[in-house]
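Student: One structure, as structure tokens, below. Some questions next.
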């Protein structure tokens, strides 16, 4: 603020001694000391309040930034959840479609007989044809299966 040297203090003391007198000078010095202490305390409090306010503003800014980041993360989590939910629904639909196809094929084989019997008969027939050197391009009528349904089409 301002600098007070030794000579300035000496001049102030001499003027105070002449104006106030030697009887009241110690009381006046005590009074001035109390006022200086109060002023210093006030300045310290004001400085602390200002610094705290700056810190509060910085903390508010930091908190706002973190809230924005949290909301962005929430949005990302929501998008990921929606995407995963869609994938699960699609997979579930495909699994159900495949299950229905398998049931239809099993029903078709059940109408024509046991699948194992048909497969064994077909293997024996192919083996016999290979042993005799005769290769048959025609497939036996027993192997006719219902056409495979498209898995991507929904069932009615």
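The numbers here are math on the coordinates, done by the rules we state, and not lab data. Since the model is a prediction, treat every value here as computed from it, not as a measurement. Please note: Cβ atoms are built from the backbone with ideal geometry, for glycine as well, and neighbour counts cover all protein chains shown.
Student: Based on the Cβ-Cβ distance of residue 37 and residue 8, what FRET efficiency does E = 1/(1 + (r/R0)^6) give at R0 = 25 Å, to the nearest 0.05?
Tutor: For R0 = 25 Å, the calculated efficiency reads 0.75.
Student: Between residue 129 and residue 80, what length comes free when the chain is fully extended (0.36 nm per residue of separation minus the Cα-Cα distance, one decimal in nm)?
Tutor: Taking 0.36 nm per residue and subtracting the Cα distance, the gain is 11.9 nm.
Student: Using the beta-carbon distance between residue 30 and residue 52 and R0 = 41 Å, what value does 1/(1 + (r/R0)^6) give for FRET efficiency, to the nearest 0.05?
Tutor: Efficiency, rounded to the nearest 0.05: 0.80.
Student: Can you list the residues of region 29-71 with backbone N under 14 Å from a point 7 Å past the Cα of residue 16, pointing along Cα to Cβ?
Tutor: Correct set: 29-37.
Student: Put one equal scatterer on each alpha carbon of region 7-127, apply the Debye formula with no solvent term, and list log10 I(q)/I(0) at q = 0.15, 0.20 1/Å to two decimals.
Tutor: With no solvent term, the Cα-only Debye profile gives -0.95, -1.11.
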